[in-house]
Amino acid sequence: MRDPDKAVVATLYSNEEGEMSYMVTYKGETVIEESTMGFHLRDQEFLGKDMKLLSFDSLLTNEHWEQLWGEDHTIKDYNRAYSFRFEDGQGRKLNVHFKLFKDGLGFRYEFPEQPGFEEIIIDDEFTEFTMTGDHMAWWIPADYDSYEYLYNTTKISGIDSSIVQGKELLASVTIQEKHAASTPLTMKTESGLHISIHEANLTNFSSMTLRVEDDKRTLTSSLVPSDIHGWKAKVQAPFKTPWRTIQIGETAGDLLESKLILNLNEPNKLGEPEWIEPQKYVGIWWEMHLQMSSWDLAAGKHGATTKNAKKYIDFAAKHGFKGVLIEGWNTGWEKWIGFPDREGVFDFVTPYPDFDIDEVNRYADSKGVDIIMHHETSAAPRTYEQQLDTAYALMQKYGMHGVKTGYVGPIIPEGEYHHGQWMVNHYRKVLKKAADSEVMVFAHEPIKATGLRRTYPNMMAREGLRGSEFNAWGGGNPPEHLTIVPFTRMLAGPIDYTPGIFKMDLSKYMDRVVPTTLAYQLAEYVVVYSPVQMASDLPEHYNEKLDAFQFIKDVPVDWEKSVVVDAEIGDYTVIARLERLGNDWYLGGVADENGKQLTFKLDFLQAGVTYEAEIYRDADDAHYLDNAEAYVIEKLNVNSESEMSINMAPGGGVAIRFRAL
Ligand code: NOJ
Ligand code: CA
């Protein structure tokens, strides 16, 4: 098998033991050595041995399609698909589908309809990814409940969750395998190839984690279990598993520019409804994380009051933000965290008495602003499902088109996990309910992104990583974080990172600093892609620095095209994006704690056009630890032949708007 450009070659064969196996090369270099495939099904012998090929076919696709919103408007889908139909010695049928692109491949299994396969209990999937050596890897542990970790940089042999356990303060941690990582798992070979393993179109199945075998280079799929049922997944034939994906790039940037995961998802099912609207938003949020106010009423400093909501609505209207998020508006927060009995606690239609939901919505309407609904479920999905109809009817009543969902804590019932099949199906049910109710979803504590935004473009963004909130209560996100995230978590899809903190010295609220410079915070709006971006800090902090705030006001959330200008995973990342249906380019760069002297060509700009570069950079003496808010704004005329030199301070960054003249 090969892709139409003949860069990626995959071979499917039976090894000496008669096991179904595959291997992959990229431009002649081995990427995946002999790796076996198959399943342990309940009460059956291993499926994946002694396979006889019944038939196969292949299909070339060469087309372009348009994203409703995204980091690129037009997506090229140029691949060759191969389908193999097998039968084993016992007459059991199994189909395997491959799709090869010039930057990698995906493959999936299909259980066709056949007697004895009406209901299939999967005790384990054994898909191996045998790497060619002990590569450098960027990873977080295979926690069944959370992706909210800092990335570790070690060899594959160093993947060990005991070194990250206990380091973090997490509401929910379930690590059952010591040497396993979540996906996307990104690696770099000695020869410089960048490889990332993930999955596409995770539907009605458990999420895949990767276990490191004793040889320290073979990764084996390890599905998140249901401990209640004692299985990894249960499906009905005919059934197709999610795609197992292997992205391959010569540079880190190639991985990010790859569209393989989107191309392995089904086309848009929602059309182009006008209620799906990429947007920036502000909200009653950071003040709770700073402990200035509280989500719950009983604590005595309730944040979600009618009066406070109006303050944020006024600020949003004045500065051109479409959305206002209000957390803590509904009853139940007294028992939301740390309570074992969280079933039936949250009420998604009843506001606290000091929050006049009618008046807040009337006021928002009068100012041309939309309220973003907040549904914290405290990981009690059954309570949420019971109220889906009434909760979404309430949103429809007020014309609300966005909801931020949340799943803090261990899942109730105990024995199900955030990343298991049962929750995968719950998240999908909510997404579909939202689509039917004309609502966009911003999911926190979500299942990982696998490209579903293509099919359901109301799936705007997810958290699914250690977001900005950790700067207030989790030891902070060190500057290195966002030099790794674009090449790991962000390969999966858009991130609700909640960027834009301007007040780095938090001593007024707590004994800590936000460990990045202000220019770095501005750059986050370009480096971290999301169609919904929050301006997270307090209005009063933005009011003190309106000149820098201008960048957040200007920066788009929907793009024609994106390019990675320069990057070294773990050291620095520079990304440029062209505004959708516009002429202006925006650039964001972030550096780790060592800073970075950048020199780059502006050859991404349109030739023959002069641009005014509005540069927001670190002051010469800026430093993320003790002079984080020192920035300089400069203007300069440039064109596509210009070269730029900019110094990013330790923990610093740069944000530039190239205004076409
Ligand atoms: C965790 C979310 O990530 C955060 O954004 C939110 O404020 C809290 N949960 C409360 O729902
Ligand atoms: Ca979170």
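Any read-out appearing in this document is the output of simple, stated calculations on the displayed coordinates, not a laboratory observation. All values reported here derive from a predicted model rather than from experimental measurement. Virtual Cβ from ideal backbone geometry, glycine too; neighbours counted across all protein chains shown.
Once every Cα of segment 8-263 carries one equal point scatterer and solvent is ignored, give the base-10 log of I(q)/I(0) from the Debye formula at q = 0.07, 0.08, 0.17 Å⁻¹, two decimals.
Scattering profile of segment 8-263, log10 relative to I(0): -0.24, -0.32, -1.45.
Of the cross-linked pairs Lys155/Lys561; Lys280/Lys429; Lys307/Lys635, which ones have a Cα-Cα span greater than 31 Å in the structure shown?
From the list (Lys155/Lys561; Lys280/Lys429; Lys307/Lys635), the Cα-Cα distance tops 31 Å for Lys155/Lys561; Lys307/Lys635.
Give me the angle, in degrees from 0 to 90, between the Cα long axis of helix 518-527 and the longest principal axis of the Cα atoms of the chain, rounded to the nearest 10.
40 degrees
Could the peptides 509-516, 96-103 be put in order, highest first, of the mean number of other beta-carbon atoms found within 10 Å of their residues?
96-103, 509-516
What is the chain's relative contact order, in percent, from Cα pairs under 8 angstrom and six or more apart in sequence?
RCO, the chain: 11 percent.
Using only Cα atoms and rounding to the nearest 10 degrees, what angle (0 to 90) does helix 388-398 make with the longest principal axis of the chain?
40 degrees
Placing unit charges on C-beta atoms (Lys and Arg positive, Asp and Glu negative, everything else neutral), compute the dipole magnitude of segment 565-658 about its Cα centre in debye, rounded to 20.
That gives a dipole near 380 debye.
Of Lys404/Lys433; Lys93/Lys240; Lys49/Lys259; Lys232/Lys448; Lys27/Lys188, which ones are farther than 21 Å apart at the Cα?
The pairs that break the limit, which is 21 Å between Cα atoms, are Lys49/Lys259.
Over all Cα pairs of segment 263-380, how is the pair count split among 5 Å bins, expressed in % and running from 0 up to the last occupied bin?
With a bin width of 5 Å, the distribution comes to 2, 11, 19, 20, 17, 12, 9, 7, 3, 0, 0.
Relative to the compact globular guide of 2.2 N^0.38 Å, what is the alpha carbon radius of gyration of the chain, as a ratio?
Dividing the Cα radius of gyration by 2.2 N^0.38 Å gives 0.95.
By how many nm would the segment from Asp626 to Lys178 lengthen if fully extended, with 0.36 nm per residue of separation less the alpha-carbon distance?
Stretched fully, the Asp626-Lys178 segment lengthens by 157.5 nm.
Mind putting a number on the dipole of segment 8-263 about its Cα centre? Charges go on the C-beta only, +1 for Lys and Arg and -1 for Asp and Glu, and I need it in Debye to the nearest 20.
That gives segment 8-263 a dipole magnitude of about 300 debye.
Which value in deg cm²/dmol, rounded to the nearest 500, describes the helix-derived mean residue ellipticity at 222 nm for the chain, given -39,500 (n - 2.57) per DSSP H run of n ≥ 4 and division by the residue count?
-4000 deg cm²/dmol
Quick check on packing: order 485-496, 634-645, 580-591 by the mean number of other C-beta atoms within 10 Å, highest mean leading.
Most protected by this proxy first, the peptides run 485-496, 580-591, 634-645.
Express in % the proportion of alpha carbon pairs of segment 281-555 at distances exceeding 23 Å.
Every Cα pair in segment 281-555 considered, those over 23 Å come to 52 percent.
In percent, what relative contact order does segment 8-263 have, based on Cα pairs under 8 Å that are 6 or more apart in sequence?
That works out to 18 percent.
If one takes the longest principal axis of the Cα atoms in the chain, at what angle in degrees, from 0 to 90 and to the nearest 10, does the Cα axis of helix 357-366 lie?
Approximately 80 degrees, to the nearest ten.
When only Cα pairs under 8 Å and 6 or more residues apart are kept, what is the percent relative contact order across segment 300-428?
Result for segment 300-428 is 25 percent.
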